[in-house]
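Undergrad: One structure follows; several queries about it will come next.
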Amino acid sequence: MTGATNPTADGPDRDQGTNPVRQVVAEKLWNSLHRARDDPAAAGTLADVEDAVFRFYLPFARTLAAGHPAAAADPMGAEQAAETGLARAVLGWQRPDCRDFWRFARMEIDGQLRILATTHKLKRGGSRTGPGGSPWLP
């Protein structure tokens, strides 16, 4: 399988934190981020470190976007949705280590991509209602 269809098989997150070099880099980034978050005087530093963490995981987010069905209808929108999900994940991650961040980021990114897919379905005339017009039934 390719990274576009299954990012964990061949994409940038294939190691999911087990690649020793990437793991060391990730840990250093997250340690820097936590230090910057703990220092109220480090507002500029905080933004820079958040950006560095975001850029570190950006290939992962883009791979997820490219492999999502919404990318067929709106590749740029899928990439933007994935970036939004990644940003939410970076800003929302409060654990002291980066273990399992891949899973958390994937959930955030997938959520944003699902919103995009739903939006495109509605624009095409699809419906969010279930049988009998109820919005609560699948």
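The values are calculated or read from the model by the stated rules, or taken from the named source; none is laboratory data. All of these numbers come straight from a predicted model, not from anything done at the bench. Backbone-built Cβ (ideal geometry, glycine too); neighbour counts: all protein chains shown.
Undergrad: Filter the stretch 88-99 down to the residues that are surrounded by fewer than 17 Cβ atoms within 10 Å (Cβ to Cβ) and part of a helix (DSSP H, G or I) and list them by number.
TA: Initial filter on the stretch 88-99 (surrounded by fewer than 17 Cβ atoms within 10 Å (Cβ to Cβ)): 91-92, 94-97, 99.
Matches in the stretch 88-99: LEU91, GLY92.
Undergrad: How many of the residues making up the stretch 60-76 are part of a loop (DSSP other than H, G, I, E, B) and either farther than 13 Å from ARG114 by Cβ or among the small types (Gly, Ala, Ser) (or both)? Break it down into steps so the answer makes sense when it comes.
TA: Keep residues of the stretch 60-76 that are part of a loop (DSSP other than H, G, I, E, B), which gives 68-69, 74.
Keeping just the survivors that are either farther than 13 Å from ARG114 by Cβ or among the small types (Gly, Ala, Ser) (or both) gives 74.
Residues meeting the conditions: 1.
Undergrad: Same structure, new question: Filter the stretch 24-41 down to the residues that are touching a residue at least 40 places away in the same chain (Cβ under 8 Å) and either farther than 13 Å from PHE54 by Cα or acidic (Asp, Glu) (or both) and list them by number.
TA: GLU27, HIS34
Undergrad: Taking the stated definitions as given, is LEU46 surrounded by 18 or more Cβ atoms within 10 Å (Cβ to Cβ) and in contact (Cβ under 8 Å) with a residue 40 or more places away in the chain?
TA: Working: surrounded by 18 or more Cβ atoms within 10 Å (Cβ to Cβ): yes; in contact (Cβ under 8 Å) with a residue 40 or more places away in the chain: no.
Judged against the criteria, LEU46 is not a match.
Undergrad: Testing THR129 on (1) in a helix (DSSP H, G or I); (2) at pLDDT below 95; (3) farther than 26 Å from PRO20 by Cβ, one condition comes back false. Which one is that?
TA: Answer for THR129: the failing condition is (1).
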